[in-house]
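The values are calculated or read from the model by the stated rules, or taken from the named source; none is laboratory data. The shown structure was predicted, so the numbers you read here are calculated from the model rather than taken from an experiment. Glycine gets a Cβ as well: all are built from the backbone with ideal geometry, and neighbour counts include every protein chain shown.
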Amino acid sequence: MIISVASGKGGTGKTTVAVNLALSLKNIQFIDCDVEEPNAHLFLKPCIKDEARAYIPVPEVDEAKCVYCGKCRDVCAYHAIAVLPGSEGKKGSTLIFPHLCHGCGACSLLCPQGAIKEVNKEIGAIEIGEKDTMQFIHGRLNVGEAMSPPLIRQVKKYINLTRTVIIDAPPGTSCPVITTVKDSDFCVLVTEPTPFGLNDLILAVEVLRKLQISLGVVINRCDIGDGKVESYCKKENIPILMKIPFSREIAVSYSEGVPIVEKDISYQEKFINLYLNICGIKNEADSRH
Amino acid sequence: MKQIVVISGKGGTGKTVVSGSFAALAKNKIMVDCDVDAADLHLLLHPAVKERHEFRSGQTAVIDKKLCTKCGKCASACRFQAIKDDFTVECFSCEGCALCSHICPHGAIHMEENVAGEWFVSDTEYGPFVHAKLGIAEENSGKLVAKIRQIAKELAEKQTLDYVIIDGPPGIGCPVIASLSGVDCALIVTEPTLSGLHDARRVMEVAKHFNISVKLVVNKYDLNTAVTEKIEAFCRERDVPVVGKIAFDKAVVEALVEGKTIVEYAACLAADEVKNIWERLR
């Protein structure tokens, strides 16, 4: 089963929930897909055994073969290619803007002269490690790189379905999140009971419903703020899987990079219950289909 | 005219609380919410929408079942696994590259433009406000950010405003880069946690990569003073001025629940410090 932990709003406690859930269970594969700002490793402190560089293919033009026909520019949907035609006695030029390239391969495949080949451009790295019985994988986007989805897709290739897979998702509701949660069996949305938390929760729920992924909510810092998140969940028939009260102990433990289940073992049972809740809802949903 | 963006790397550190307060403190400015896929600033500014525009961006492939012979050429060429086994397009995966439409031997695939969201120009009691809503499960948030920034800048020039104040998105990817480009100053709001430091450091590197001047604020600094000191030392090393430290204050959440900016909600330590920060920044 693949369980992803997402949120809409940032800073609501995704990583806290994902990490503590993973540490409360056995034989987990933990995947941090927040490749822009990966944080789970700060808490899990895995022993990294292996590293792979992540690339996307970008075009390279063979100037000897290029006749500056402009076909590549015309087929590029991302405006990543400019062609300056040659004029009398002057050579033309084909310019590539690798930062705009999505690596779709259209230009190289459709060049009538076969003048474009693809070369790898590094966009980040994937690290693979272990912590006790847990397998740990995360991606790290290079600074200055704009597009995280290609890296997220490459990280997700490591998914091992013989284990329970827990995925820590990036915040928001756009392409990085969709790429991350796609194909999940269940998504846990972590929120806080404030107007910001509710606003972004509603957006995240809409996304997951569109993707047809089962979901449930964890309300973090449930005792500060107001009751509107709970009434929204009731109205929408969204299960509340767990409520975590605000505690200075959790906040300080988080700030030091220490998972709360390691500081206070009694939390383990709460996270095991969270897992059982998820399994229960998932089974019920499956039996209905 | 000065453009100031509030960013953080890590989400939930207090960007919108800070930029919302700037709306109440700064005179003669326009506000912009560039966190287009999880926009929250409108919950503090209570805009009256004056103009509403469709945001068209990107394309999605559509396969005509009558012409399709299921030869499979499109599926094997697509790098985004967007062609499903039944030869329909999985629209969440389609990146709109149009390669399939070019290579289909039967001309069965055409591209349709996406309506990827909406953007608005609004009036608020704090002045003009430009904001947007990315469509559910849509892409191209970076382009939508660039669009509303351009609109805000034009309005600011036309009305000879002094400031464009931008509430930025979390992360370091395309919407952040689009929020940063060409600003006069990026204010990083972080928190005294190892994650906060880790993420602030990465977004600081992004700002440096694009040659943007950076200042930093530590929010809830007293939750862990040892990590706050670490962040301050880190900033000293890099010549990044720390322009404020906001104490943890339950009034901040109370203000949120009331839909008010902290500087208007209550006279408290957090409100005083946010005022100081604005004075140091302007």
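Okay, residues lined up against (1) assigned to a helix (DSSP H, G or I); (2) within 14 Å of another protein chain (Cβ to nearest Cβ); (3) over 24 Å from the mean Cα position of the chain (by Cα):
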residue: A:Val205; (1), (2), (3): yes, yes, no
residue: A:Val252; (1), (2), (3): yes, yes, yes
residue: A:Glu269; (1), (2), (3): yes, no, yes
residue: A:Ile281; (1), (2), (3): yes, no, no
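State which residue is surrounded by the most Cβ atoms within 10 Å (Cβ to Cβ) when the search covers only the range B:6-33 and only residues that are within 16 Å of the chain's Cα centre (by Cα) and away from every other protein chain (no Cβ under 12 Å). Lay out the reasoning, then the answer.
Looking only at the range B:6-33, we keep the residues that are within 16 Å of the chain's Cα centre (by Cα), and these are B:6-20, B:30-33.
Those left that are additionally away from every other protein chain (no Cβ under 12 Å): B:6, B:18-19, B:30-32.
Working: B:Val6: 28, B:Val18: 24, B:Ser19: 30, B:Ile30: 27, B:Met31: 28, B:Val32: 28.
Restricting to residues being within 16 Å of the chain's Cα centre (by Cα) and away from every other protein chain (no Cβ under 12 Å), the top hit is B:Ser19.
Which condition number in (1) more than 9 Å from every other protein chain (Cβ to nearest Cβ); (2) out of contact with any strand residue (DSSP E or B) (no Cβ under 6 Å at 6 or more places or on another chain); (3) over 22 Å from A:Asp185 (Cα atoms) is the one that A:Asp226 fails?
It is condition (1) that A:Asp226 fails.
Sort out which residues of the range B:234-282 are within 25 Å of B:Asn28 (Cα to Cα), in a helix (DSSP H, G or I) and in contact with a strand residue (DSSP E or B) (Cβ under 7 Å, 6 or more places away or on another chain), and write them in order of number.
Listed by number, the residues that qualify are B:Ala270, B:Glu273, B:Val274, B:Asn276, B:Ile277, B:Arg280, B:Leu281.
Just one of A:Ala54, A:Ala22, A:Ala77, A:Ala6 is within 13 Å of chain B (Cβ to nearest Cβ) and crowded, with 20+ Cβ neighbours inside 10 Å; which is it?
A:Ala6
Of everything in the range A:134-161 that's assigned to a helix (DSSP H, G or I) and among the basic types (Lys, Arg), which residue is modelled with the lowest pLDDT?
The initial filter retains those residues of the range A:134-161 that are assigned to a helix (DSSP H, G or I), namely A:149-156.
Still in the list and also among the basic types (Lys, Arg): A:153, A:156.
Details: A:Arg153: 95, A:Lys156: 98.
Of everything passing the filter in the range A:134-161, A:Arg153 is modelled with the lowest pLDDT.
If you take the residues of the range A:103-127 that are assigned to a loop (DSSP other than H, G, I, E, B) and either out of contact with any strand residue (DSSP E or B) (no Cβ under 8 Å at 6 or more places or on another chain) or loosely packed, with under 13 Cβ neighbours inside 10 Å (or both), which of them is nearest to the other protein chains (Cβ to nearest Cβ)?
Filtering the range A:103-127 down to residues assigned to a loop (DSSP other than H, G, I, E, B) leaves A:103-105, A:111-115.
From what's left, either out of contact with any strand residue (DSSP E or B) (no Cβ under 8 Å at 6 or more places or on another chain) or loosely packed, with under 13 Cβ neighbours inside 10 Å (or both): A:104, A:111-114.
Numbers: A:Cys104: 3, A:Cys111: 12, A:Pro112: 12, A:Gln113: 16, A:Gly114: 15 Å.
That would be A:Cys104.
Only one of B:Thr13, B:Thr69 is out of contact with any strand residue (DSSP E or B) (no Cβ under 6 Å at 6 or more places or on another chain) and in contact (Cβ under 8 Å) with a residue 12 or more places away in the chain. Can you tell me which?
On the way: B:Thr13 fails: out of contact with any strand residue (DSSP E or B) (no Cβ under 6 Å at 6 or more places or on another chain).
Sole residue among the options that is out of contact with any strand residue (DSSP E or B) (no Cβ under 6 Å at 6 or more places or on another chain) and in contact (Cβ under 8 Å) with a residue 12 or more places away in the chain: B:Thr69.
What number of residues within the range B:234-247 satisfy the criterion of being of a type outside the set (Val, Ile, Thr) and either crowded, with 17+ Cβ neighbours inside 10 Å or touching a His at 6+ places or on another chain (Cβ under 6 Å) (or both)?
3
Restricting the search to the range A:25-47, which residues are closer than 25 Å to A:Val143 by Cα and away from chain B (no Cβ under 14 Å)?
If the condition is that a residue be closer than 25 Å to A:Val143 by Cα and away from chain B (no Cβ under 14 Å), then A:Phe30, A:Ile31, A:Pro46, A:Cys47 are the ones that fit.
Within the range A:82-95, can one find any residue that is aliphatic (A, V, I, L, M) and not in a strand (DSSP E or B)? Outline the logic, then answer.
Filtering the range A:82-95 down to residues aliphatic (A, V, I, L, M) leaves A:82-84, A:95.
Among the residues that remain, those that are also not in a strand (DSSP E or B) are: none.
Within the range A:82-95, none of the residues are aliphatic (A, V, I, L, M) and not in a strand (DSSP E or B).
Yes/no matrix, rows are residues, columns are (1) exposed (fewer than 14 other Cβ atoms within 10 Å of the Cβ); (2) closer than 30 Å to B:Cys174 by Cβ; (3) in contact (Cβ under 8 Å) with a residue 24 or more places away in the chain:
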site: A:Val188; (1), (2), (3): no, yes, yes
site: A:Lys235; (1), (2), (3): yes, no, no
site: A:Ile250; (1), (2), (3): no, no, yes
site: A:Ile278; (1), (2), (3): no, no, yes
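Inside the range B:166-179, can you point out the residues that are closer than 25 Å to A:Ile123 by Cβ and buried (at least 24 other Cβ atoms within 10 Å of the Cβ)?
Going through the range B:166-179, the residues closer than 25 Å to A:Ile123 by Cβ turn out to be B:168-179.
B:Gly168, B:Pro169, B:Pro170, B:Gly171, B:Ile172, B:Gly173, B:Cys174, B:Pro175, B:Val176, B:Ser179 - these are the residues of the range B:166-179 that are closer than 25 Å to A:Ile123 by Cβ and buried (at least 24 other Cβ atoms within 10 Å of the Cβ).
A:Asn273 - would you say it is more than 14 Å from every other protein chain (Cβ to nearest Cβ), among the polar types (S, T, N, Q) and not in a loop (DSSP other than H, G, I, E, B)? Step through it out loud before you land on a result.
Working: more than 14 Å from every other protein chain (Cβ to nearest Cβ): yes; among the polar types (S, T, N, Q): yes; not in a loop (DSSP other than H, G, I, E, B): yes.
Yes: the conditions hold for A:Asn273.
Please determine whether any residue of the range B:150-163 is among the hydroxyl-bearing types (Ser, Thr, Tyr), away from every other protein chain (no Cβ under 11 Å) and in contact with a strand residue (DSSP E or B) (Cβ under 7 Å, 6 or more places away or on another chain).
Yes - at least one qualifying residue is present in the range B:150-163.
Of everything in the range B:180-189, what is under 10 Å from B:Thr13 (Cβ atoms) and within 11 Å of chain A (Cβ to nearest Cβ)? Give them in sequence order.
Listed by number, the list holds a single entry, B:Val189.
In the range B:83-112, what count of residues is obtained for those that are closer than 22 Å to A:Ile56 by Cα and touching a helix residue (DSSP H, G or I) at 6+ places or on another chain (Cβ under 8 Å)?
The number of residues fulfilling the criteria is 8.
Go through the range A:164-193 residue by residue and tally those that are within 12 Å of chain B (Cβ to nearest Cβ) and either modelled with pLDDT under 95 or not in a strand (DSSP E or B) (or both).
Total satisfying the criteria: 17.
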